[in-house]
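Below: one structure, written as structure tokens.
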Amino acid sequence: MSDQCRPALREAPNGAMRNRSRLPHVADEGILAVRSDSANPAGDDLLMLFAPKNWDRWVGDAEQLARGPGLQAVRDRILELAAPVSDEAVVDVGAGTGLLALALADSVRTVWALDSSQMMGEYLRVKAESAGIDNIRVVHASATSIPLVDGVADLAVSNYCFHEMTQPEKLRALAEVHRVLHPGGRLVIADMMFGLSPLSVRDRRIVVGKLRIIGSRGLPGLLRVLKNATRLATGRWEHPQDGAWWHAALERCGFEQVSVELLSHEGGIASARRPLPAPPSASTRAYAESRGNPTVPGALDCPRAPRGAIGSRKTH
């Protein structure tokens with residue numbers, strides 16, 4: 001991975017991040033809380049953000065989450081920011097059971113629905129077929145190695161996928177998204193956007209709120225807190241990053257017009273654009289024309305991501 005795509009941890013410029021409370025309020029445990037009686041005989045709440053990483057086992061839970069008001073409100077805001085156009089090709093990174101892909105299909109030419117879970121993709125394929133939708137192409141692949149040619153997409157979207165990736169994986173995935181977008185293409189990502197800093201008021205509120213909700217369940221809740229503390233200590237917990245990290249990472253990966261909205265729960269939405277090629281200078285254009293080549297290369301592309309097999313996935 002190139003150093004050009006390695007984010008410096010810094011605060012975003014003034015006005016680049018903003019809180020957003022217009023979306024429906026969600027309980028302190030966040031929008032990834034789901035009742036899963038089938039997975040847990042006791043009927044205890046299953047927090048998907050603490051679930052095992054074999055996502056083929058959790059298709060039903062992901063679909064239940066996608067039908068809930070929390071994720072649907074985030075979906076609607078993603079679509080509002082993305083502003084899809086009828087002749088566009090879209091890449092949905094971590095498409096899951098189709099929350100974004102199905103909503104986009106009627107508005108665009110093609111949706112490439114990418115997910116590392118084969119069962120998620122099959123579920124989405126059947127849903128699309130049942131709805132008579134024929135412009136969704138399900139792709140079983142990792143976000144860190146997208147099997148599409150350069151510059152194929154006008155728009156890339158993602159909803160609650162990136163927190164499952166480590167920091168290096170996130171950067172590789174962003175480099176891949178930059179690669180498959182053509183110059184001027186847009187990116188809109190929703191994800192968990194908070195950290196574990198005791199100095200951050202928002203981080204403290206989110207973490208304390210989650211602990212309070214889980215702890216209120218009595219002994220099972222306390223055992224869950226201990227279990228997840230162990231996962232955090234051993235590096236097996238999820239990998240959310242705060243808004244400042246996202247702003248810096250997108251800029252370092254070559255995106256411009258970066259904006260981050262922090263939502264009332266643990267989530268946030270980042271949007272950005274791949275720059276258009278820089279116009280050549282008059283002297284460069286004159287030299288190219290004198291050599292019989294009026295076409296002058298533009299700005300350098302975002303560094304290519306290594307084609308590794310690191311697994312990454314999406315919950316919805």
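Would you mind getting me the FRET efficiency between S197 and Q257? Use the beta-carbon distance for r and R0 = 22 Å, nearest 0.05. Walk me through the numbers on the way to the answer.
Details: r = 27 Å, r/R0 = 1.23.
So, using R0 = 22 Å, E works out to roughly 0.25.
Taking R0 as 41 Å, what's the FRET efficiency between V152 and S130 from their Cβ-Cβ distance, rounded to 0.05?
On the way: r = 27 Å, r/R0 = 0.66.
Approximately 0.90, to the nearest 0.05.
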5 angstrom amide H check on W112, placed H, neighbours 5+ away: V90, V91, D92, R137
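Using only alpha carbon positions, build the gyration tensor of segment 95-189, then give the equivalent ellipsoid semi-axes as the square roots of 5 times its eigenvalues, largest first, whole angstrom. Provide the component values of the computation, followed by the final result.
Numbers: eigenvalues 90, 51, 23 Å².
The answer is 21, 16, 11 Å, longest axis first.
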Ranked packing of 141-153, 266-278, most packed first, by mean Cβ within 10 Å: 266-278, 141-153
FRET efficiency, 1/(1 + (r/R0)^6) with R0 30 Å, evaluated for E80 and L219 via beta carbons: 0.10
In range of the label at H182: residues from segment 73-110 whose backbone nitrogen is under 12 Å from the point 7 Å along Cα→Cβ: 87-90
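Laboratory data are not the source of any read-out in this text; all were calculated from the coordinates shown. Nothing here was measured: the structure is a model prediction, and the numbers come from that model. Heads up, the Cβs are rebuilt from the backbone with ideal geometry, glycines too, and the neighbour counts pull from every protein chain shown.
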